[in-house]
Structure formats: C-alpha cells, structure tokens
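Participant: Below is one structure. I have some questions about it.
The values are calculated or read from the model by the stated rules, or taken from the named source; none is laboratory data. All figures in this text were calculated on a predicted structure; none of them were measured in a lab. As a convention, Cβ positions derive from the backbone with ideal geometry for all residues, glycine included, and neighbour counts pool all protein chains shown.
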There are 4 protein chains.
Amino acid sequence: MPGNSFGKAFVVTTWGESHGKALGAVIDGCPPRLPLRELDIQEELDRRRPKKSAISTSRREPDKVEILSGVFEGTTTGTPILLIIYNKDADSRAYKAIKDLFRPGHGDITYQKKYGIRDYRGGGRASGRETAARVAAGAVAGIVLDQEGIKARAYTLELAGVRAQHVDFEAVDRNPFFAPDLDAAGRMEEKIKEIKASGNSAGGIVEVRVDGCPPGLGEPVFDKLDADLAKALMSIGAVKAVEIGVGLEAARLLGSECNDEITPEGFLTNRSGGILAGVSNGDEIVVRAAVKPIPSIEIEQKTIDIHSMSTTISVKGRHDVSAIPRIVPVCEAMVRLVIVDHLLRQRTI
Amino acid sequence: MPGNSFGKAFVVTTWGESHGKALGAVIDGCPPRLPLRELDIQEELDRRRPKKSAISTSRREPDKVEILSGVFEGTTTGTPILLIIYNKDADSRAYKAIKDLFRPGHGDITYQKKYGIRDYRGGGRASGRETAARVAAGAVAGIVLDQEGIKARAYTLELAGVRAQHVDFEAVDRNPFFAPDLDAAGRMEEKIKEIKASGNSAGGIVEVRVDGCPPGLGEPVFDKLDADLAKALMSIGAVKAVEIGVGLEAARLLGSECNDEITPEGFLTNRSGGILAGVSNGDEIVVRAAVKPIPSIEIEQKTIDIHSMSTTISVKGRHDVSAIPRIVPVCEAMVRLVIVDHLLRQRTI
Amino acid sequence: MPGNSFGKAFVVTTWGESHGKALGAVIDGCPPRLPLRELDIQEELDRRRPKKSAISTSRREPDKVEILSGVFEGTTTGTPILLIIYNKDADSRAYKAIKDLFRPGHGDITYQKKYGIRDYRGGGRASGRETAARVAAGAVAGIVLDQEGIKARAYTLELAGVRAQHVDFEAVDRNPFFAPDLDAAGRMEEKIKEIKASGNSAGGIVEVRVDGCPPGLGEPVFDKLDADLAKALMSIGAVKAVEIGVGLEAARLLGSECNDEITPEGFLTNRSGGILAGVSNGDEIVVRAAVKPIPSIEIEQKTIDIHSMSTTISVKGRHDVSAIPRIVPVCEAMVRLVIVDHLLRQRTI
Amino acid sequence: MPGNSFGKAFVVTTWGESHGKALGAVIDGCPPRLPLRELDIQEELDRRRPKKSAISTSRREPDKVEILSGVFEGTTTGTPILLIIYNKDADSRAYKAIKDLFRPGHGDITYQKKYGIRDYRGGGRASGRETAARVAAGAVAGIVLDQEGIKARAYTLELAGVRAQHVDFEAVDRNPFFAPDLDAAGRMEEKIKEIKASGNSAGGIVEVRVDGCPPGLGEPVFDKLDADLAKALMSIGAVKAVEIGVGLEAARLLGSECNDEITPEGFLTNRSGGILAGVSNGDEIVVRAAVKPIPSIEIEQKTIDIHSMSTTISVKGRHDVSAIPRIVPVCEAMVRLVIVDHLLRQRTI
C-alpha cells in the first residue's frame, strides 16, 4: 500500500527520482475556474532553488516546471493537473563510488531493506529533490488559498543555533536564509561558513504562520488540523520534531499559563497556535519544524557496505551544509496543502 | 469528508460521545486466526482508567468493553471487530451550567463554529473519553504485534516539570503516573498535589519506545513511518509537539553529532529514533509527545458565551489535574496502530 | 486491506455477523443539524423484514435499531453515527449440521479459502442479514437527500420470470413483492408458490429510479456516478448484473437510437439513464440489478466437505425462495448512499 | 473530492486531456524488482491504436509511451511509476465549430454543468483517449499478474448485433475486431461498413476472462471482487451494463440451474463467473461489458447550445463507428487493475 499521495479533497501525488528523467506531481481535486499559469508555480520553485550562498550545493537545476494537463486557456478545469520538471543537471558519476555503501543518516540502508533494490543515484526517491514537486503543488494550493484570503508564510526561526530575535516578514526574502531578522541572518552566515569549513553540517528550525484561516477547519478525531500539519511537516525528510503554538513548552506550563482567554474581540493570547481540539479557531496558525543537519558530511564516519562489511565514508559530492533555507518553501508548501485540503473538506458539512 | 478513521490496512474508526449512550471502535483489517478475548482489551482499558491518586477525576466509569463482531469462538475471523463500551456514570448536570459558555483551551468554540451545533455534555466527541476507544483498538493491535515480537511501551518522561532520570520499565506500572523512575514518581506526586491545591493544572511529556520493529516499515513519501507517528500522537487532544529520536535537539546538533554511524553489528547510536528517510531501520523506535495542561481549571478565566457576551469561568466539575497519566496508554495505543498498519502494508511489497 | 467501508464523503462502515451478538453501521460524514430519529430508520428496516408471504423465511428478527452516537437532542451533530441492531432470534443449531460442508452458490468455500476460518452460523458475515445495516445507513442518507428534494425508489421489475408491465409507485408498497404492478404481483405469487413447492428458488430484477438528482454529480474518471452505482449494487450478495438506462440493450442499438436528443426543455428521451460521461445530467437516474436465485435449496446438490470429500447437500433451514423482495430496500439504500456521497463531494468543487 | 485514482494497493491515477500536451498515469504501489520495459507497455498500447479498418477514426497518434520514474536499470524500484504519452496529432480545429454546442450522448453538457468550464477540444478529459493511460497502466499490472500465472484476456463477444459463436483465443489478434471467431469477424465487418455508410454508429459486448486467479481475492462487504470489477468496467465511458458469470440471465434461472455443484475436482459448472460472495473461487473469472454506440454520428440530431438555444448537430470530424475494438484492451486493462489490486490486498491477511 503506497504512500505517495497526500490529502483527501485536494490530493497531491508526487513521483520521480533525483537523477531520473523527470519528477513532478499530479493534483487531483483542484477546483475549476481558477487562473493558473506556469509562471505562478515557477516563482515558488525559484525560491527553493539553491542561491549563491555559503550554504548551497553546486548542482544547478533550472527546475523549469510545465503544466501538462488540467488547465485550459489559463484556467483550471477541475481535472487533474500534471506538473512536470525535467531533470537536466543529473551528474550521477559521483554516486557510483557510493552505490555499494550506506551513508549514515540517509535512507540508503532502509530503502535497501524495504525494497531489496534502490536507485542509489542522488538518493533516488529519498532525495530532497523530491520536494520540488511538493513546492510546485503547494504553489497551486496557494492560488486557491489566495482566493479565500488565506496566506501561509514560512521562515527560518533558527539556523545552526542562531535564532531570529523578531519576525519581520519583509526581511524574509531579503536574505539567503529566509530569516525574518536581517541581523540574525548575518550571524547565520558566519556560523554556516565556519561549519562548512570544518566539513560538518547544521540544522535549524522553520516556523510557518497561516494568516486568515477561517474557524472550523480540521476534522475530529484523527484528521485534526494539527495532526495533519504534524504529518505534513514530519513527512519532509530532515524534520525530527513538530510543534503547534507553544509546542514543547506546553509540557512545562500551568493551565492558567497555557489557555488562551476569550473576549468578544477574540483570544487574548495565541498559545494554542490557532487550533483547539484539532479545529482552527480563526486565530493565526503557528507551527514549527525542527530540521536535522544534512547527513552527508566530509568528516569521516563509520559505515558498512551492502555486503555488511565495515568501512568508512567521507561524503564529498554536491551537498548543502543545511537543509535550510531550501526546506523553508517546502514547509510552506506542505502547510498550504493541509489548509487547502481541509478548506475543501469543510465545504461538505 | 470525515476524519474518524485511522490507518489504511488496519483501519480503526471510533465513534461515540462522552455522555452519549456508548462509545467504541470498529477495526477493519485485523488479520484472521488470532486469539482475541475481551479480557485482553479490558486489561489495557483498566490501565487508562483513573486510579485513586492525587491526579484523577472523580468520574468512575467501569469502562467494560464488549466485542460484538469479528470474533468467532475466541478467534478473529478477518471481518470487522466492533468494540463497544457503554457509558454508565454520565452525569451531565454539571455541564448544563456551561452549555452556553466556551471554556478556554477547549474545543467548545471550534466545534460550535465548525458544525453550528455541539453536544456540550462532557465535551461530547472532543472529550478525552473518546480515547478509551483508541486504547481498546490499540489492545487488538498489540495482539498482532505480539505475534511478530514487536512491543510498544509508553511512560511518563516528565510531569509538571519533574523529569524521570532513567528508564526502568519495571517501575512504570508500579506508580500511578506511569513514570519509569520511582523517585521521580514521588516528586511528581508532590508537585501535582501542590498544583491541584492552587486550582491549576499541569502538562508533561510521554515517551513511547517500540522494540523489535523490523526494518523496512514506512512508506515514502508522505506516509513515512515518522510522519504517521506524528499524526497519530498529534491527533490526541492535548498533544502540542511530537519528537522522533533526538527530536527538537536535532536543530542544534552538527551532522557529526546527529548521524548514527553504522557497523556490521548495527548502529552505534540511535539519534534517528529508529527511522531513516521515513522507514524503520530495525533499531528501537523512540517518539515523544508534549502534553499541555488540562484546560479546565478552577482559576477564573475570561471567556464569552454563545451570544459573544463577555463573562468569566471557573471550571469545577470532575477534572483531572493533568492528562497524564491517562494519556500514557493512549499514546501507546496510537503508536501500536501505526506500527501494525505499516506492518500489514509492508506485506504488499 | 479491508473493504467494509463505502463512500468517500458520507462513509458507511458495516460490521456484524448473521448469528453474532449484533450488527450495525458507523456513518462518518453525515452533515450536522439534520433531524434524525430511530423511528425514521426503523421504518426502512421494517420494509426489509420478512413479511408473511409465500416467499419469506421463518426467522423473525425484530430488527430494532438504536442510535448510539452522533445525534444530540434529535439532531445530527456531524460526528459519527453508530447504528446497532442486536440479534435476537439467532438459532444456530441448524447450522451445526453444515459447518463442515460448503453449500453450492454460497461464500462458505471462498471465505474458508480466503481467511482459513469462517463463522459458519447463518453465513456469518456473508449473510444477507448484513444488508440490514446497509438499509439502516441508507435511511440516514435518505434524510439528507430529502432535504435536497432527491428521492430514490426501488421496486421489483421482474420476479421468477414474471415482469411488471408498468410502473405505478403507489402499488409498490401494496404487495409483498414490491412490484409496481398489482397484476404482476399476483402472478409472481403464483409462480413463487410453485417454485417453493418444488424445493427450488428464483431470481429477478430490481429497478431503482432517482428523481430530483441535480446535474453535475459524479467524478471523472474512475468515480463516475454510474461506476459507483454499479459497484454499490454489485456489492449486494446476490446481484450478478447491473444496467444503467438502456443497459445491455445499448449493445444492439444504433447511435441514432441510443442518443438522447436535447432541447431547451430537456432531453427528449432518457436512454442514458440520467448519466452522461459518468456525471448526472439532471434527468431521472435509472439503474437495474439482476438478482440470482437463493442458492440454499432443498433439491439435492453435489458438494464437498472441508476435507474435500464428496457428498451431497439438501438445505432445509429457514430460507427465502428469493432474495426479492427483501433485497429491494437494500438496492434502494445502496443507491442512496452513492447519491448522497456524490452530492457532498460535489460541494468541494 | 476527486475521482481520478483507482485501486487501494496498486493505485493508478490518470491525467490528461484529449487535445492537451500529454496524458498518462502514475502507478503507486507497484511491487519492486519486476522487469519493466517501455516496450512491454508499448505493445499493449499498439493493440488499442486504431487499425486500418472499416471502423476506425482517421486520427493517427503514435501513442509512444515513456517511463519517467520508478524504474531503475530496467527494474521496478517500488516507487511511483510515471507513464507519459505526448499528444502529437491533436488537430483541434474541427472542435471550434462545436465548442458552443452540446453533443447528444456526450459529456459536454454534464461537464459544463459540473465545472462551469470545459476543455471542449476532442472531448477533453471525457475523451476515449484518456483510456490510453489505463491501457498503459494495465500493461504494468499485467507484468505483476504474469509472475503469478494469472492471465486476463478480453475479446469482442458481439458487435453491431453480430455475435461470436465460439471463443478461440488464437483468433482474437488475427482480426481487426478482436473477435474470437473469424467467421463472425467477417460478418462484423460487413455490418459495420453498412452502418458507417448510413452515418450511424454501433455498440457491442466485450467479454473478459481471467485464467489462473487464485481463490480468496476480493474483500467483503463493499469491495467484493465483482463489485470492483463492475465499477472498473462501468468507469469506461461507453459501458452501460456489466455482467458477472451468467449475468442478467441469473434473474430467470432457478436455484438448481444457477448454482455450481462442487466436487473434489472442482466446480461442475461456472455460472458464478468464478466469484462467490464477492471472493474468487479459483475458477475462471468471466465478466462482460455492454458498450453503447459512439454518440458522435453524422445523422442530424436535435441539441442546444451553451445559451440553451435550440439547434441541430451532425458530427463529422474523426470518429470511430464503434468503441469496439479499441475498448477491448481497455476492458482487459481495467480487469487487470482490479485483480492485481486485490492480489496485493490479500497479502495483508
């Protein structure tokens, strides 16, 4: 039973390997009569592409998206939308050297055990490259949300231990780390350079806020809005923790410190992160994802080969120092997919 | 589009309100030819029931489970298993007083906005009582897992700021908090008494470990094992954060500190929490859920009524001080449901 | 991967065996704020119950339905509705004699091969009795449809070779065969008596018409309205063929004889049965199900036992001569479930 | 809630419009380690392509399929398989003339009412061309079935009133109608020429047989094997009736004429069509689909335009006289998809 689809009303199925011919997504359930251009999707994809920065890989994919179905004369028709991105710069030679090795922290070993076969080139299906398809689908979701006045925005709250001290949405697209604090962005850059020089890698925290979400989205009991958000974010390769509102801190608060008091004008605080009993309360939705460091590092590590023989590995190839910032638009896309799915589901009530 | 079902191969649908006639679950997809007695399920339910302790509510439900279908002469037949628990001690009078009020931190307001109607008695469907059905279903899942030598165990890692200093599985069922550390359990009791006296409530952290899980479980891309675990735990009412392995800490580690090196004998560490690229690696699975304090507190809080008029509320009724310990078997049950579902799904490959 | 649920937006899961403690259904996705009483469901169930007639079994189940959840003060709340019917008159003694035999035409042999175990009492899960749960769920669907002015009505078009010559809806509930033609009903009775006397059984054809269905229901490509209707009807035990509109006859018509010409006032004919390209066209929906004879007959037949030894069988027990008329409300219920599911699904567009 | 996916374990999602850039399918859940070449799929597609015959359209699509993912070095990897067919010969000019008209018997009017927009070119998503994607996916399913020794074969039992008198599988691919009887094929050709000359169109009956299907496939209650077969075939545009085994005739048989007696060597007859109580019995599976005549005919018909004004239409364009023979491989593909899906589902038991 496969798991490459997400959503129940706005269903996204992604396909494609890192070094295969192409990758993409099918969106089934996108409402008809929406304006949709490749350009709208391309803009989001361009945000995900590696920028010239201390942090990025040297792989330079143009990531040019094409819409092959579901849009007629610039408008969605209600039929499935196929988004395709052809792989151009797939240099698999570097991977030949490690085709018989299991890289620590990677899915090499688990895919091999699961399927008895794996496309080792660039991580195959387990590659971060798969997330380009999610971003493309998230861009389409964004157009549905725009029509409803809903806006999801992600940014880097923390990178390599450097935390943003405030959230300025204007700043986010003005630094290569999608930090909402330009000062912090500067310090992030310093820190990342240092880590890179040492052949190591770093993690961080991405926060996503959803503005304008109407109350009532989310389904009891299992398909709670926060449950689906948790799944959405945890389904991104490098994510190891998900928080809603006060998140982990909730464990240490007293009831009086954690509840949001209610007035006719609205909630006095937003510790809940905009979700109560799994259903949106009309307040801003706030979620966070903790991102682990990129597992491919130059520092030598113990590992085994496919014959279970002991060896060591030092991954050189083309790798980012951190999944941040590229993961930021991916988190944003996943949150959009959840919100749009529940928005459509709520219409059946 | 409803959300009261969980799983794709081992599908659990729960139904029932806190103060309705009954609640329960249908399990569709349980393999045939397994021994299953009501007694096996009852034992798990009894663990979830409020014990005589500083922490618990005064509601005394016997929570007697009955199997109405799917079992013939003590053996599962492969057909749907209906589990039912009749509500006995449902005193709804206390709730009349608050039927027109929205309790801060509760789903009262969001259910009202979602459906335009709500069963206000005892929280209705949003009540923690719904989780009895999950525990019952989880007990059935446990029987499937037993046959495969897989064991999921949950315990209270932290309560009201008091953290267990070590994990002794023997200790877990020997204190009313399911703490794996008897010393910590003692301090938890002190702390909880103090908070109760002040009319407040407390949160904590539950950890679940799965021993004996074979490698290969979990489906790329969206139905990753950790993604489904995150959803499973976040779908429990009070949970505000979910962590896998090192969890949130991953954000601050370097790659060399976060990867698990591999040897022919296995992984040298288990920072990954037993899951790589969404697929189990054969190591112990480790997940944590952060639980918020019970929102119903005696301390007066600002709120509104259903006519949007300002008022205050002080919840007396029968309420626990913390969702811990009752939530502990619920977390265990949800983890079991995820594992058994993926175990069956893996068989199709 | 289980198959006891039907629908995507209005999801019905049935459970229970013929001679188990109870049987019933969970409905997940029923819209909130609808009036719903047990009485409304009971009326439909009573139509399905064996009447005092030439055709019926001697089993006399009161089939008393109870609503255990999802309804508060007479109104649906949007949460799952549990319908339960306790089995009262389950005399399993007659089945002991055949517990090691496979009855020709029955699921005994296939269930045994599928699961390696079966509840042989009264056919277990494969019994026609399971359809009581469908009728109960269909009654709830009927209340949603009523609100939209949609009406689904089933009747016996043909029984034991006797065909109704016209359709008079008034007649349907005025004869024990649900025939829409009282003359035909009389001849059906004659024919059935004759067949019964010979220890044999008979089949027939049920037709269902849906009046008031708006255009636009049905999803391309696979979830076409007619595809889901075909599945719904074919999922009823005894059904061996399903037709939409002109049905089988379409194979022999010319295009000019099969198309429905269109005028500003509507279609000139309704050969399509109200569905074009899988989507309702606003005209009356017309479907038919061919029902095979009850396989349990007194006439001796060759069979084998569970040890594959040759033997013969003559089924006495309590059996109807035909699945008609009891299957008629079941067909109606299944059609209602399809229509209400697509009605809700269409709202997401 | 969309409907462009089929299956639960072997999930096929099709996408694409008749005159769009491309069409295709994603297969999620194909087992790993199977040999799969584009050539295998191409062969099946070539069978579906219009041949030089009395019956076929003048559109000449090469229908060249490409595999873009899920296959590594000629072997399936367990990840989604994307199949794509670029549209080459899409001359939409002929459709401009009818873009404001609703063709009788077509989905023009229902798609317009459903979505408020439609891609009128060549029928858009409702075109028979969509079935190329099904045939491609069915070819992949066929490879899984081959490994299990299961073979599904379709043929034309009847065309324009001419019925095959016997079934000779050798004959099927030796005549342009996929008739299993060369004499009948000759008479079909005569009949079709005659109908074509009169500007009319014809229907027929396709039969599919599955050889080697193990007992035990099919899920009670709703996902019966015959229920899913009925849905699968009825989801093909032109199909108006589906029969299993004796089919419609079952309505007129007596129990003793309809049951299949059982001996240690197997069933004495196969009236059931290989399915009992929704579960395969190990015998040959036999299903039939009744196909209506192509609705696009030259004979003038009454219709309306999108402004509801009365007019007439005589469709010239490039149209087949009958959906047969092109629909034959489509029926075969749909049956394969059902069988492979249930084969994988049965493994979870």
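Participant: Can you find even one residue in the range D:196-217 that is part of a helix (DSSP H, G or I) and either surrounded by fewer than 21 Cβ atoms within 10 Å (Cβ to Cβ) or aromatic (Phe, Trp, Tyr) (or both)?
Facilitator: yes
Participant: State all residues of the range C:12-26 that are in a strand (DSSP E or B) and buried (at least 24 other Cβ atoms within 10 Å of the Cβ); if no residue qualifies, say none.
Facilitator: C:Val12, C:Thr13, C:Thr14, C:Trp15, C:Gly16, C:Leu23, C:Gly24, C:Ala25, C:Val26
Participant: Assess whether D:Val242 counts as being touching a strand residue (DSSP E or B) at 6+ places or on another chain (Cβ under 6 Å), more than 8 Å from chain C (Cβ to nearest Cβ), in a strand (DSSP E or B) and closer than 29 Å to D:Asn4 by Cα.
Facilitator: No: the conditions fail for D:Val242.
Participant: Please state which one of D:Ser308, D:Ser256 is free of Cβ contacts under 8 Å to residues at least 40 places away in the same chain, out of contact with any Lys or Arg (no Cβ under 9 Å at 6 or more places or on another chain), small (Gly, Ala, Ser) and part of a loop (DSSP other than H, G, I, E, B).
Facilitator: Details: D:Ser256 fails: part of a loop (DSSP other than H, G, I, E, B).
The conditions single out D:Ser308.
Participant: Sticking with this structure for a sec: Which one of these is under 19 Å from the mean Cα position of the chain (by Cα) and within 23 Å of C:Lys224 (Cα to Cα): D:Val287, D:Val221?
Facilitator: D:Val287
Participant: Going through B:Phe169, B:Phe178 one at a time, which residue ends up being away from chain A (no Cβ under 13 Å) and at positive phi?
Facilitator: Going through B:Phe169, B:Phe178 in turn, the sole match is B:Phe178.
Participant: Inside the range D:259-277, can you point out the residues that are surrounded by 24 or more Cβ atoms within 10 Å (Cβ to Cβ) and not in a loop (DSSP other than H, G, I, E, B)?
Facilitator: Passing the criteria: D:Ile262, D:Ile275, D:Leu276.
Participant: Same structure again: How many residues does the range C:322-338 hold that are away from chain D (no Cβ under 11 Å) and part of a loop (DSSP other than H, G, I, E, B)?
Facilitator: 2
Participant: Which of the residues spanning the range C:33-63 are assigned to a loop (DSSP other than H, G, I, E, B) and modelled with pLDDT of 95 or more?
Facilitator: Once the filter is applied, which keeps residues that are assigned to a loop (DSSP other than H, G, I, E, B) and modelled with pLDDT of 95 or more, the range C:33-63 yields C:Arg33, C:Leu34, C:Leu36, C:Arg37.
Participant: Consider the range A:142-165. How many of its residues are closer than 27 Å to B:Gly255 by Cα and surrounded by fewer than 16 Cβ atoms within 10 Å (Cβ to Cβ)?
Facilitator: Of the residues in the range A:142-165, 1 are closer than 27 Å to B:Gly255 by Cα and surrounded by fewer than 16 Cβ atoms within 10 Å (Cβ to Cβ).
Participant: Scan the range D:251-262 and tell me whether some residue there is modelled with pLDDT of 95 or more and closer than 15 Å to C:Ala251 by Cβ.
Facilitator: Taking every residue of the range D:251-262 in turn, none turns out to be modelled with pLDDT of 95 or more and closer than 15 Å to C:Ala251 by Cβ.
Participant: If a residue has to be of a type in the set (Phe, Trp, Tyr) and either part of a loop (DSSP other than H, G, I, E, B) or free of Cβ contacts under 8 Å to residues at least 12 places away in the same chain (or both) to count, how many in the range D:1-11 make the cut? Working first, answer last.
Facilitator: Kept after step one, since they are of a type in the set (Phe, Trp, Tyr), are these residues of the range D:1-11: D:6, D:10.
Now drop any that are not either part of a loop (DSSP other than H, G, I, E, B) or free of Cβ contacts under 8 Å to residues at least 12 places away in the same chain (or both), which leaves D:10.
So the answer is 1.
Participant: Restricting the search to the range B:278-291, which residues are assigned to a loop (DSSP other than H, G, I, E, B) and more than 8 Å from chain A (Cβ to nearest Cβ)?
Facilitator: Within the range B:278-291, the subset assigned to a loop (DSSP other than H, G, I, E, B) is B:278, B:281-284.
Hits for the range B:278-291 are B:Asp283, B:Glu284.
Participant: Moving to a separate point now. Tell me whether the range B:221-234 contains one or more residues that are within 18 Å of B:Ile324 (Cα to Cα), facing chain A (nearest Cβ under 7 Å) and either surrounded by 24 or more Cβ atoms within 10 Å (Cβ to Cβ) or not small (Gly, Ala, Ser) (or both).
Facilitator: yes
Matching residues to (1) within 9 Å of chain A (Cβ to nearest Cβ); (2) out of contact with any helix residue (DSSP H, G or I) (no Cβ under 9 Å at 6 or more places or on another chain); (3) among the hydroxyl-bearing types (Ser, Thr, Tyr):
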| position | (1), (2), (3) |
| --- | --- |
| B:Ala250 | yes, no, no |
| B:Ser272 | yes, no, yes |
| B:Leu276 | yes, no, no |
| B:Pro295 | yes, no, no |
| B:Ser314 | no, yes, yes |
| B:Asp320 | no, no, no |
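Participant: I'd like to verify a number: residues in the range B:115-141 that are closer than 30 Å to B:Lys96 by Cβ, within 18 Å of the chain's Cα centre (by Cα) and buried (at least 24 other Cβ atoms within 10 Å of the Cβ), how many?
Facilitator: 12
Participant: Mind counting the residues in the range C:218-238 that are among the hydrophobic types (A, V, I, L, M, F, W, C) and part of a loop (DSSP other than H, G, I, E, B)?
Facilitator: Residues flagged as among the hydrophobic types (A, V, I, L, M, F, W, C) and part of a loop (DSSP other than H, G, I, E, B) within the range C:218-238 amount to 3.
Participant: Next question, about the same structure. Kindly provide the set of residues from the range B:112-129 that are part of a helix (DSSP H, G or I), within 8 Å of another protein chain (Cβ to nearest Cβ), at pLDDT below 95 and over 8 Å from B:Glu17 (Cβ atoms), ordered by number.
Facilitator: Scanning the range B:112-129 gives a single hit, B:Ala126.
Participant: Kindly indicate which of C:Gly7, C:Gly78, C:Gly70 is surrounded by 24 or more Cβ atoms within 10 Å (Cβ to Cβ), within 14 Å of chain D (Cβ to nearest Cβ) and either at pLDDT 95 or above or over 26 Å from C:Asp228 (Cα atoms) (or both).
Facilitator: C:Gly7
Participant: Also, quick follow-up: Which one of A:Ile98, A:Ile143 is at pLDDT below 95 and aliphatic (A, V, I, L, M)? Outline the logic, then answer.
Facilitator: Working: A:Ile143 fails: at pLDDT below 95.
That would be A:Ile98, the only listed residue that is at pLDDT below 95 and aliphatic (A, V, I, L, M).
Participant: In addition: Being within 17 Å of the chain's Cα centre (by Cα) and more than 17 Å from C:Ala277 (Cα to Cα) is the filter; apply it to the range D:10-22 and report the residue that is farthest from the other protein chains (Cβ to nearest Cβ).
Facilitator: The selected residue is D:Val12.
Participant: Going residue by residue through the range D:86-103, is there one that turns out to be within 14 Å of chain C (Cβ to nearest Cβ) and over 27 Å from C:Gly218 (Cβ atoms)?
Facilitator: No: the range D:86-103 contains no residue that is within 14 Å of chain C (Cβ to nearest Cβ) and over 27 Å from C:Gly218 (Cβ atoms).
Participant: Just name the residue that is nearest to B:Gly245 (Cα to Cα) out of those in the range B:186-209 that are within 15 Å of the chain's Cα centre (by Cα) and of a type in the set (Gly, Ala, Ser).
Facilitator: That would be B:Gly204.
Participant: Check B:Arg209, B:Arg187 and return the single one that is away from chain A (no Cβ under 12 Å), closer than 26 Å to A:Met1 by Cβ, out of contact with any Cys (no Cβ under 9 Å at 6 or more places or on another chain) and modelled with pLDDT of 95 or more.
Facilitator: On the way: B:Arg187 fails: closer than 26 Å to A:Met1 by Cβ.
Checking each option against the conditions leaves just B:Arg209.
Participant: Continuing with the same structure: A:Asn175 passes all but one of (1) closer than 24 Å to B:Leu253 by Cβ; (2) surrounded by 24 or more Cβ atoms within 10 Å (Cβ to Cβ); (3) not charged (D, E, K, R); which number fails?
Facilitator: A:Asn175 satisfies all of (1) closer than 24 Å to B:Leu253 by Cβ; (2) surrounded by 24 or more Cβ atoms within 10 Å (Cβ to Cβ); (3) not charged (D, E, K, R) except (2).
Participant: Given B:Gly274, B:Gly245, B:Gly212, which one is within 24 Å of the chain's Cα centre (by Cα) and without any contact (Cβ under 8 Å) to a residue 60 or more places away in the chain?
Facilitator: Values: B:Gly274 fails: without any contact (Cβ under 8 Å) to a residue 60 or more places away in the chain; B:Gly212 fails: without any contact (Cβ under 8 Å) to a residue 60 or more places away in the chain.
Checking each option against the conditions leaves just B:Gly245.
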